[in-house]
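Novice: If you scroll down you'll find the structure; I have some questions about it.
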Amino acid sequence: MNMRTIILAGAVSLLSTGAYAACDFENTVQVKSLSAGFEAWKAATAAMAECGNFEAELDQEFRTKQPAAFAANPSLYQIGGVANGTLVPLMNDGTVRPLDDLVAKYGQNLTPNQLIKIDGEVMAVAMMVNTQHLMYREDILNDLGIAVPKTYDEVLAAAEKIKAAGVVDYPLGATYKAGWNLAQDFENMYIGFGGTFFADGSMPSINNDQGVAALEMMKRLTAYMDPEYLVSDSTYVQQQFQQGKIAMANLWASRAGAMNDEAESQVVGKVIMASAPAAILGEKPASTLWWDGIVIAKNITDEEADAAFRVAMAGLNKEMVQANSDVAVWLVAGFEPGPLAQGAVETAMNGTVPYPASSEMGLMHTALGNGVSDFLTGAKDAKTTLADIEAAYLTAAKEAGLVK
């Protein structure tokens, strides 16, 4: 099947009620999971492991490994950690199972907005929301008399003052690594400028004034970054912050907790979270709202599916959330947002939109990830870059049967 759109059911809930019990059974079935490796997944899978016979593979390249791993028969994993976009290829391949029966058996503590429904069936359970928002060195901005930027023009003005002061190696960091990360940053900026990705069904629509404005703003920002920005992913930017090398970045909320990790951070207590900046003054933030959660593989036995879902529900409990309240904006019952969640809360409250995950968007994301760097490096002008990205998308969309 081709999945057109995934929507987070219900409004974003930042406070939940109810309680989860700690793992209250001994799991006797071998269960393995494959997910991203950021702090929230470390916390959730550690709690799942308390049930026994559970192995978690935490890998930032999970999105490229999951489709083949779940298509194997039997599947190489029972549980998958997914997000808006990474669920799409698994749904298109038909390798994850509906969860309604398992929710009825073991999901009594789930809230409605955790249930990701597609064509009326629960296909995933969300555990947290995530968004890219502004992180900044409060001490540096205060020392230089810089107000917290609310727009990208203000970010550029602040970066110029920070550069002139010479207090860090680079004023800005960004997840501009060529491929998935770079595409995501373009999409955020393009949405911020009011752009839409498709017209007349699945036909691409990015070669326009909004697309040019997004590319040009991204290019202007690079003047204040590490020159190696095309290899800069979330971990790279996180470490730049932790090592005191940058002063600001639009980074994932799931990375906020790492700023105060005394074992690896030199800036504990100095990095503050705020709403993602807007591309246009008075408009919504140039960001997108994501969710992360679990799916259960289709190509496994019913006994394995039952054990996997029960382990997952036991791990996503109140005790885990309260012990890790700073590492995510949890959707799990018992979460109370603290200062590190403030940026995500503000970004959501300021009107950021859910990431427009779909089969078409997956192909567009790939084309953007491969093409945007041509403009940033000066290999092509903006209109040519966007035209070539549209052409690459159309080739892939025709092969996938999305465009005739």
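Novice: Have a look at 156, 172 and point out the one that is farther than 30 Å from residue 296 by Cα and either part of a strand (DSSP E or B) or among the charged types (D, E, K, R) (or both).
Specialist: 172
Novice: Right, next: Where in the stretch 31-100 are there strands (runs of 3 or more DSSP E), lying fully within it, with 1 or more residues that are over 13 Å from residue 311 (Cα atoms), assigned by TED's automatic domain parsing to the domain that holds residue 341 and out of contact with any Lys or Arg (no Cβ under 8 Å at 6 or more places or on another chain)?
Specialist: Because the criterion is at least 1 residues that are over 13 Å from residue 311 (Cα atoms), assigned by TED's automatic domain parsing to the domain that holds residue 341 and out of contact with any Lys or Arg (no Cβ under 8 Å at 6 or more places or on another chain), the strands (runs of 3 or more DSSP E) in the stretch 31-100 that meet it are 31-35, 79-83.
Novice: Please determine whether any residue of the stretch 301-310 is surrounded by fewer than 21 Cβ atoms within 10 Å (Cβ to Cβ), over 20 Å from the mean Cα position of the chain (by Cα), modelled with pLDDT under 95 and not acidic (Asp, Glu).
Specialist: Looking through the stretch 301-310, none of the residues is surrounded by fewer than 21 Cβ atoms within 10 Å (Cβ to Cβ), over 20 Å from the mean Cα position of the chain (by Cα), modelled with pLDDT under 95 and not acidic (Asp, Glu).
Novice: On to the next question. Of all residues in the stretch 170-225, which are in contact with a strand residue (DSSP E or B) (Cβ under 6 Å, 6 or more places away or on another chain) and closer than 17 Å to residue 385 by Cα?
Specialist: Listed by number, the list holds a single entry, 205.
Novice: Then there's this: State which residue is farthest from the chain's Cα centre (by Cα) when the search covers only the stretch 125-135 and only residues that are surrounded by 24 or more Cβ atoms within 10 Å (Cβ to Cβ) and more than 30 Å from residue 108 (Cα to Cα).
Specialist: Checking each candidate, the answer is 135.
Condition check ((1) under 28 Å from residue 61 (Cα atoms); (2) buried (at least 20 other Cβ atoms within 10 Å of the Cβ); (3) touching a residue at least 40 places away in the same chain (Cβ under 8 Å)) across all residues:
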position: 147; (1), (2), (3): no, no, no
position: 154; (1), (2), (3): no, no, yes
position: 165; (1), (2), (3): no, no, no
position: 174; (1), (2), (3): yes, yes, yes
position: 206; (1), (2), (3): yes, yes, yes
position: 218; (1), (2), (3): yes, yes, yes
position: 225; (1), (2), (3): yes, yes, yes
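Novice: Considering each residue of the stretch 125-162, count those that are under 20 Å from residue 266 (Cα atoms) and charged (D, E, K, R), and give that number.
Specialist: Total satisfying the criteria: 4.
This table checks each residue for (1) closer than 16 Å to residue 153 by Cβ; (2) not in a strand (DSSP E or B).
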{"position": "207", "(1), (2)": "no, yes"}
{"position": "221", "(1), (2)": "yes, yes"}
{"position": "225", "(1), (2)": "no, yes"}
{"position": "238", "(1), (2)": "no, yes"}
{"position": "244", "(1), (2)": "no, yes"}
{"position": "273", "(1), (2)": "no, no"}
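Novice: When the residues of the stretch 1-30 are narrowed to those that are of a type in the set (Val, Ile, Thr) and either at pLDDT below 95 or closer than 25 Å to residue 129 by Cβ (or both), which ends up surrounded by the most Cβ atoms within 10 Å (Cβ to Cβ)?
Specialist: 6
Novice: Return the residues of the stretch 189-204 that are under 23 Å from the mean Cα position of the chain (by Cα) and either without any contact (Cβ under 8 Å) to a residue 60 or more places away in the chain or in a helix (DSSP H, G or I) (or both); say none if nothing qualifies.
Specialist: Result: 189, 190, 191, 192, 195, 196.
Novice: Turning to a different aspect of this structure: Every residue in the stretch 227-253 that is among the hydrophobic types (A, V, I, L, M, F, W, C) and either in contact (Cβ under 8 Å) with a residue 60 or more places away in the chain or buried (at least 17 other Cβ atoms within 10 Å of the Cβ) (or both), please.
Specialist: 230, 237, 241, 246, 247, 248, 249, 251, 252, 253
Novice: Moving on to the next point. Report the residue count in the stretch 317-350 for those that are small (Gly, Ala, Ser), outside any helix (DSSP H, G or I) and either at positive phi or over 17 Å from the mean Cα position of the chain (by Cα) (or both).
Specialist: Of the residues in that region, 4 qualify.
Novice: Go through (1) part of a helix (DSSP H, G or I); (2) farther than 24 Å from residue 85 by Cα; (3) in contact with a Ser or Thr (Cβ under 8 Å, 6 or more places away or on another chain) and name the single condition residue 314 misses.
Specialist: (3)
Novice: Quick check: anything in the stretch 315-335 within 30 Å of residue 147 (Cα to Cα), small (Gly, Ala, Ser) and at pLDDT below 95?
Specialist: yes
Novice: So which residues in the stretch 389-402 are surrounded by fewer than 17 Cβ atoms within 10 Å (Cβ to Cβ) and closer than 19 Å to residue 209 by Cα?
Specialist: The one that is surrounded by fewer than 17 Cβ atoms within 10 Å (Cβ to Cβ) and closer than 19 Å to residue 209 by Cα: 391.
Novice: Right, another one. Output the residue which, of all residues in the stretch 319-346 that are within 19 Å of residue 126 (Cα to Cα) and of a type in the set (S, T, N, Q), is surrounded by the fewest Cβ atoms within 10 Å (Cβ to Cβ).
Specialist: Among those residues, the one meeting the criterion is 322.
Novice: Restricting attention to the stretch 179-204, which residues are among the aliphatic types (A, V, I, L, M) and surrounded by fewer than 20 Cβ atoms within 10 Å (Cβ to Cβ)? Lay out the reasoning, then the answer.
Specialist: Going through the stretch 179-204, the residues among the aliphatic types (A, V, I, L, M) turn out to be 182-183, 189, 191, 199, 203.
Listed by number, the residues that qualify are 199, 203.
Novice: Evaluate the following for residue 376: is it buried (at least 23 other Cβ atoms within 10 Å of the Cβ) and under 24 Å from the mean Cα position of the chain (by Cα)?
Specialist: No, not satisfied.
The values are calculated or read from the model by the stated rules, or taken from the named source; none is laboratory data. Because the structure is a prediction, the values reported are computed rather than measured. Positions of Cβ are backbone-derived with ideal geometry, glycine not excepted, and every protein chain shown enters the neighbour counts.
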